[in-house]
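Participant: Here it is: the structure, laid out below.
The values are calculated or read from the model by the stated rules, or taken from the named source; none is laboratory data. Computed from a prediction, not measured in an experiment: that's the story for all the values here. Neighbour counts run over all protein chains shown; Cβ positions are idealised from the backbone, glycine included. In case anyone asks, the SASA skips ligands and DNA or RNA and just uses the protein heavy atoms, side chains included. Shrake-Rupley method; radii C 1.70, N 1.55, O 1.52, S 1.80 Å.
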Amino acid sequence: MNISASRSEEIFFNFKEEVREALKDGRPVVALESTLISHGFPYPENLKIAGEMEEIIRGCGVMPATIAVIGGKIKVGLTRSELEFMATSRDILKASRRDLAVIVAKGLNGATTVAATMIVAKRAGIKVFATGGIGGVHRGAEKTFDISADLQELARTPVAVVCSGAKAILDLPLTKEYLETMGVPIIGFGSEELPAFYCRESGLKVDYVVNNEVEAAKIIRAMQDLRLGGGMIIANPVPEEYALSMEYMNEIIEEAVRAAEKEGIKGKKLTPYLLNKIKELTGGKSLKANIELVKNNARVAAKIARELIK
Ligand code: PSU
Ligand code: MN
């Protein structure tokens, strides 16, 4: 869209020069979200990880484009100092689909969630996006209605999201059902089982399996050619050596969920609260797994993006 951008998009969007060039030349680009930088990881790990994800993608000959809203501008690709700002400022809202227009209109700062990053990636012409985990149907959603906007976005926006499934802080069976209803395929990357973030297993099967980036790219191309309109999940499990066991994590998560209930945490505060609680309860073990899985997802996304332009 950068070339044929309408005036309003030129006003709202701000492409980093090297990203603009890569897109113009038809070179591969991978989108990265910023909620994991501003709200997902603590400082200074967040800055380190954001930089490492970009480096890994560049190492595969692919251009990274981290997405965020800074001072009301939708940034496609961040400079080092913008990454630092996203990693350190306390003045950053969590930006999902609902929030984008308000944050832009008011000139505020927003860290984009999976949903908002997909919207921006699609506008920019980026087809592959790497992150840690998607949002989903929260436990108790039958009472609270707390279902991440990520799931609706996956249904309507044609971007492939490479992730390690969703955290077991969510209701994973309901998340899977919801995705089926919305027509979003879950493709296991060398995995029959839907990964649950820190865990390689969840007790749930993926819909289909691919064994490499060539097979993944074929599906993305078919989805595009069929003009189905929606996205897909490419579920890549955390590397074996960093994985935590499902039994261990289930106990930790139950404790974190109870703490959230007791403190009355709801809405968009819930995910960051639970993530932080889990980090405390695992004495940082979850953090290491988290770091390694996002790096691995960046690598796989880059390989798929490279394959897609062939
Ligand atoms: N899962 C994680 N870490 C995160 C998120 C999800 O393990 O930081 C972020 C992602 O940006 C995701 C968002 O899109 O939380 C979902 O939030 P909500 O449930 O409010 O839609
Ligand atoms: Mn929510």
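Participant: Do we find a residue being within 17 Å of Val30 (Cβ to Cβ), aliphatic (A, V, I, L, M), touching a strand residue (DSSP E or B) at 6+ places or on another chain (Cβ under 7 Å) and within 16 Å of ligand 2 (Cβ to nearest atom) anywhere in the range 74-90?
Facilitator: No, the range 74-90 contains no residue that is within 17 Å of Val30 (Cβ to Cβ), aliphatic (A, V, I, L, M), touching a strand residue (DSSP E or B) at 6+ places or on another chain (Cβ under 7 Å) and within 16 Å of ligand 2 (Cβ to nearest atom).
Participant: Now for a different question. Which of the residues spanning the range 240-252 are loosely packed, with under 14 Cβ neighbours inside 10 Å, free of Cβ contacts under 8 Å to residues at least 60 places away in the same chain and within 19 Å of Gly132 (Cα to Cα)?
Facilitator: Glu240, Glu241, Ser245
Participant: Got a sec? Which of Gly61, Gly71, Gly51 is farther than 30 Å from Glu307 by Cβ, open to solvent by 10 Å² or more (accessible area, probe 1.4 Å) and away from ligand 2 (no atom under 16 Å from the Cβ)? Break it down into steps so the answer makes sense when it comes.
Facilitator: Values: Gly61 fails: farther than 30 Å from Glu307 by Cβ; Gly51 fails: farther than 30 Å from Glu307 by Cβ.
Exactly one of Gly61, Gly71, Gly51 is farther than 30 Å from Glu307 by Cβ, open to solvent by 10 Å² or more (accessible area, probe 1.4 Å) and away from ligand 2 (no atom under 16 Å from the Cβ), namely Gly71.
Participant: Find all pairs meeting these conditions: Cβ atoms under 8 angstrom apart; at least six residues apart or on different chains; first residue within the range 71-98 and among the basic types (Lys, Arg); second residue open to solvent by 50 Å² or more (accessible area, probe 1.4 Å).
Facilitator: Listed by first residue and then by second, the contacts come to Lys73/Phe12; Lys73/Asn14; Lys75/Asn14; Lys94/His39; Lys94/Lys268; Arg97/Gln152.
Participant: Further question on the same structure: Can you tell me which residue among Lys262, Lys285, Lys303 is among the charged types (D, E, K, R) and touching a residue at least 60 places away in the same chain (Cβ under 8 Å)?
Facilitator: On the way: Lys262 fails: touching a residue at least 60 places away in the same chain (Cβ under 8 Å); Lys285 fails: touching a residue at least 60 places away in the same chain (Cβ under 8 Å).
Every option except Lys303 fails the conditions.
Participant: Given the condition within 16 Å of ligand 1 (Cβ to nearest atom), assigned to a helix (DSSP H, G or I) and under 29 Å from Ala95 (Cβ atoms), answer yes or no: does some residue in the range 243-252 qualify?
Facilitator: yes
Participant: How about the range 253-277: which of its residues are open to solvent by 20 Å² or more (accessible area, probe 1.4 Å) and of a type in the set (Val, Ile, Thr)?
Facilitator: Answer for the range 253-277, where residues must be open to solvent by 20 Å² or more (accessible area, probe 1.4 Å) and of a type in the set (Val, Ile, Thr): Val257, Ile265, Thr271.
Let's see how each residue does on (1) within 19 Å of Lys303 (Cβ to Cβ); (2) without any contact (Cβ under 8 Å) to a residue 24 or more places away in the chain; (3) within 13 Å of ligand 2 (Cβ to nearest atom):
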residue: Val128; (1), (2), (3): yes, no, no
residue: Val137; (1), (2), (3): no, no, yes
residue: Lys143; (1), (2), (3): no, yes, no
residue: Ser148; (1), (2), (3): no, no, yes
residue: Ala155; (1), (2), (3): no, no, no
residue: Val159; (1), (2), (3): yes, no, no
residue: Cys163; (1), (2), (3): yes, no, no
residue: Ala168; (1), (2), (3): no, no, no
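Participant: I would also like to ask the following. Is there a residue being at pLDDT 95 or above and part of a strand (DSSP E or B) anywhere in the range 79-91?
Facilitator: no
Participant: I need the full set of residues from the range 54-69 which are assigned to a helix (DSSP H, G or I) and more than 14 Å from Leu36 (Cβ to Cβ), in order please.
Facilitator: First pass over the range 54-69, keeping only residues assigned to a helix (DSSP H, G or I): 54-59.
Scanning the range 54-69 gives Glu55, Ile56, Ile57, Arg58, Gly59.
Participant: I'd like the full set of residues that are open to solvent by less than 20 Å² (accessible area, probe 1.4 Å), modelled with pLDDT of 95 or more and more than 8 Å from Ala111 (Cβ to Cβ), limited to the range 37-46. It would help to see each step written out before you state the result.
Facilitator: Just the residues of the range 37-46 that are open to solvent by less than 20 Å² (accessible area, probe 1.4 Å), to begin with: 37, 41, 46.
Of the ones still in play, those that are also modelled with pLDDT of 95 or more are 37, 46.
Hit for the range 37-46 is Asn46, nothing else.
Participant: Follow-up. Any residue that is open to solvent by 70 Å² or more (accessible area, probe 1.4 Å) and of a type outside the set (S, T, N, Q) - is there at least one of those in the range 216-223?
Facilitator: Yes, because at least one residue in the range 216-223 is open to solvent by 70 Å² or more (accessible area, probe 1.4 Å) and of a type outside the set (S, T, N, Q).
Participant: Kindly establish whether Leu293 is within 30 Å of Ile220 (Cα to Cα), in contact with a helix residue (DSSP H, G or I) (Cβ under 8 Å, 6 or more places away or on another chain) and of a type outside the set (D, E, K, R).
Facilitator: Taking the combined requirement at face value, the residue satisfies it.
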